[in-house]
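S.K.: Can you read through this structure? Questions will come right after.
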Amino acid sequence: MIKTDLKLFKKEAEKEINSAQSLKELNEIFKRYLGEKGEIRKFFRLLKGLSGKERKEKGRLLNELKKEIERKFAQKKKIFQVAKKTLEEWFDITAPGERPALGHLHPLTLVRRKIEGIFQMMGFSVVEGPEIETEWYNFDALNIPKDHPARDLVDTLWLKNQKSKIKNQKLLLRTHTSPVQIHFMEKNQPPLRTIAPGRVFRHEATDASHEHTFYQVEGLLVDKNVSLANLKGILEFFMKRFFGENVMLCWQPSYFPFVEPGLELLMRCSVCSGNGCSTCNNSGWLEVIPCGMVHPNVLKNSGLNPKFWKGFAFGMGLDRLVMMKYKINDVRLFYSGDLRFLNQF
Ligand code: DAH
């Protein structure tokens, strides 16, 4: 074991360390040189047979060699570690970005806009009215007498301890959009054509076909010489535009205090195709548009002379139309906020 041997040995070791291609390979080389049974240990073992002075001298040389090889290993190890870290932290700046999930309109909004579009095409304007109403607008002006069941506490949500500034009337959450008719006739001179979509509220237990809060679209047309034929024509046109030419419709007489005569437009239930299901109460038909000729008292209450003006009105349930359009059998789904449902639109 002479000095030149050690030099050669060192060179050899360095060469091997430098050529290592991976951390794993480096560890194996490390074991071979510096491990329990490694080459350097072997050299140290040879020292045993030497005399004191020589052993000391050679020992020093060997220790130096060992330290240097260790340093080389540490250097190379660092290179691998840095490379690994860089690889982990690297990201591709040319990769296309992730698209943020886009929201979309609620089915009730989509359908409301579609309905508005069809009526606008026929010259109707779109207006809004207040959700908090007085007894006058929600009931009296609409010819709903004091003893009418709709005025029963069970149906109406009243505002506690609050009265209207005008006439000190009791306040309530509107139970229908019909009061917008009155507001509109008060503010505008006929001929009138308008629809008023909006939220309405009722004191009701909820089930698959009832909600305490839902949407209606009110319609009003006032002009000279308006007849029931105009009403039927416009609503049938609307239904065909909305559901398609093949929609099956049927009319039946009905009663609402604010119209005379009162009618109801029914359509074949789309959930069961007319075979009968819980949505249509097993009748195969569903009332979708209650309507009629505006009652003379309603015109009078709005400041119009019923001798000159005639009109028709309707008030469709928006939720019900959406249910028919998309074959949905539970109205509560609209308000559940369940994305599994909403994402389908
Ligand atoms: N307001 C009625 C309701 O909520 C619906 C209605 C019926 C509206 C006949 C009208 C109408 O304009 O003419 O049940």
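The values are calculated or read from the model by the stated rules, or taken from the named source; none is laboratory data. Only a predicted model underlies this, so the values are computations on that prediction, with no experimental measurement involved. Backbone-built Cβ (ideal geometry, glycine too); neighbour counts: all protein chains shown.
S.K.: Does ALA95 meet the test of being without any contact (Cβ under 8 Å) to a residue 40 or more places away in the chain, loosely packed, with under 10 Cβ neighbours inside 10 Å and either among the hydrophobic types (A, V, I, L, M, F, W, C) or at negative phi (or both)? Write out each step before concluding.
M.R.: On the way: without any contact (Cβ under 8 Å) to a residue 40 or more places away in the chain: yes; loosely packed, with under 10 Cβ neighbours inside 10 Å: yes; either among the hydrophobic types (A, V, I, L, M, F, W, C) or at negative phi (or both): yes.
Answer is yes for this residue.
S.K.: Right, another one. Only one of (1) surrounded by fewer than 17 Cβ atoms within 10 Å (Cβ to Cβ); (2) more than 16 Å from the ligand (Cβ to nearest atom); (3) in a helix (DSSP H, G or I) is not met by TRP158, so which one is it?
M.R.: (3)
S.K.: Residues to consider are LEU263, LEU220, LEU231; find the one that is part of a helix (DSSP H, G or I) and either of a type in the set (Lys, Arg) or modelled with pLDDT of 95 or more (or both). Steps first, answer last, please.
M.R.: On the way: LEU263 fails: part of a helix (DSSP H, G or I); LEU220 fails: part of a helix (DSSP H, G or I).
Going through LEU263, LEU220, LEU231 in turn, just one is part of a helix (DSSP H, G or I) and either of a type in the set (Lys, Arg) or modelled with pLDDT of 95 or more (or both): LEU231.
S.K.: Going by the structure shown, is GLU64 more than 30 Å from TRP158 (Cβ to Cβ), acidic (Asp, Glu) and not assigned by TED's automatic domain parsing to the domain that holds LYS11? So that I can check it myself, show each step before the final result.
M.R.: Details: more than 30 Å from TRP158 (Cβ to Cβ): yes; acidic (Asp, Glu): yes; not assigned by TED's automatic domain parsing to the domain that holds LYS11: no.
Against the criterion (more than 30 Å from TRP158 (Cβ to Cβ), acidic (Asp, Glu) and not assigned by TED's automatic domain parsing to the domain that holds LYS11), GLU64 does not qualify.
S.K.: Still on this structure: Could you tell me how many of the residues in the range 298-335 are away from the ligand (no atom under 16 Å from the Cβ), in a loop (DSSP other than H, G, I, E, B) and more than 25 Å from PHE242 (Cα to Cα)? Steps first, answer last, please.
M.R.: Of the residues in the range 298-335, the ones away from the ligand (no atom under 16 Å from the Cβ) are 300, 303, 305, 307-308, 322-330, 332-335.
From what's left, in a loop (DSSP other than H, G, I, E, B): 303, 305, 307-308, 327-330.
Then drop every residue that is not more than 25 Å from PHE242 (Cα to Cα), which leaves 303, 305, 307-308.
So the answer is 4.
S.K.: Spot the failing condition for SER270; the list is (1) surrounded by 19 or more Cβ atoms within 10 Å (Cβ to Cβ); (2) within 16 Å of the ligand (Cβ to nearest atom); (3) not charged (D, E, K, R), and only one is missed.
M.R.: That leaves (2) as the condition not met.
S.K.: Here are the criteria: (1) part of a helix (DSSP H, G or I); (2) touching a Lys or Arg at 6+ places or on another chain (Cβ under 9 Å); (3) free of Cβ contacts under 8 Å to residues at least 40 places away in the same chain. Tell me which single one ILE69 does not satisfy.
M.R.: That leaves (3) as the condition not met.
S.K.: Across the range 243-260, which residue is farthest from the ligand (Cβ to nearest atom) among those that are surrounded by 18 or more Cβ atoms within 10 Å (Cβ to Cβ) and outside any loop (DSSP other than H, G, I, E, B)?
M.R.: Restricting to residues being surrounded by 18 or more Cβ atoms within 10 Å (Cβ to Cβ) and outside any loop (DSSP other than H, G, I, E, B), the top hit is PHE243.
S.K.: Looking only at the range 98-128, count how many residues are over 26 Å from the mean Cα position of the chain (by Cα) and either buried (at least 17 other Cβ atoms within 10 Å of the Cβ) or not in a loop (DSSP other than H, G, I, E, B) (or both).
M.R.: Step one: list which residues in the range 98-128 are over 26 Å from the mean Cα position of the chain (by Cα), which gives 119-125.
When the remaining residues are screened for being either buried (at least 17 other Cβ atoms within 10 Å of the Cβ) or not in a loop (DSSP other than H, G, I, E, B) (or both), the result is 119-121, 124-125.
So the count comes out to 5.
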